[in-house]
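Have a look at the structure below before the remarks.
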Amino acid sequence: MIVADVTLISYFTMEGEHTPSALRVRRCDPDWVAPLLWESEFGNVLRRFVRGGAFDLDLALAHLDVARDLVTGYAISISEALRVASKSGCSVYDAQYASLALQLDIPLVTHNRQLLAAFQGVATH
């Protein structure tokens, strides 16, 4: 089991230069979890693609359905995320991913440089 951040989820569900590495991660560990906020963050990613004309709303909704099948969402204490954010310098949004990884004692897979620097030994690329 791994904590997948929204970049990994995006790379897996939408074809791009990082999709092959996301596919490798999925083959190595198909059990992905994320804090519940992942859907809102992913929705914003999809909105940018729709707004930019890369694809239409129907395709965005299809990507959301695929992603929902990939990820199990977990409720995270905002109080704990705020503590983690205060110690690490990360945003509370990002700290939720790290908090979940710390809580479950599993790796966080991310491309986020700040998370990678702040959570060495927990966050991996």
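The values are calculated or read from the model by the stated rules, or taken from the named source; none is laboratory data. This structure is a prediction, so every number in the text was calculated from the model and none was measured. Glycine also receives a Cβ, built like all others from the backbone with ideal geometry; neighbour counts cover every protein chain displayed. Calculation scope for accessible area: heavy atoms of the full protein, side chains included, ligands and nucleic acids excluded. Shrake-Rupley method; radii C 1.70, N 1.55, O 1.52, S 1.80 Å.
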Next on the checklist: Using each residue's phi in segment 108-125, evaluate 6.51 cos²θ - 1.76 cosθ + 1.60 at θ = phi - 60° and report the 3J(HN,Hα) Karplus result to the nearest Hz, with x for Gly and Pro.
Outcome noted: 9, 9, 8, 9, 6, 4, 5, 5, 4, 6, 6, 10, 4, x, 10, 8, 9, 9
Checklist outcome for this item: Placing one equal point scatterer on each C-alpha of segment 1-54 and summing with Debye, one gets log10 I(q)/I(0) at q = 0.27 Å⁻¹ equal to -1.09
Checklist entry - Based solely on its DSSP helices, what 222 nm [θ] is calculated for the chain when runs of n ≥ 4 H residues each add -39,500 (n - 2.57) and the sum is averaged over all residues, nearest 500 deg cm²/dmol? => result -18500 deg cm²/dmol
Checklist entry - Quick one: which of 10-22, 85-97 comes out on top by average Cβ neighbours within 10 Å, and what's the full order, highest first? => result 85-97, 10-22
Checklist entry - Accessible area per residue, 1.4 Å probe, Å², for the chain: what's the number? => result 56 Å²
Checklist entry - For the chain, with equal point scatterers placed on the C-alpha atoms only and solvent neglected, what are the log10 I(q)/I(0) values from the Debye formula at q = 0.11 1/Å, to two decimals? => result -0.35
Next on the checklist: Is there a quick way to get the dipole size of the chain? I mean about its Cα centre, with the Cβ of Lys and Arg at +1 and of Asp and Glu at -1; what is the value in debye to the nearest 20?
Outcome noted: 340 debye
Item to check | Heavy-atom accessible surface of the chain: percent carbon and sulfur, 1.4 Å | outcome: 53 percent
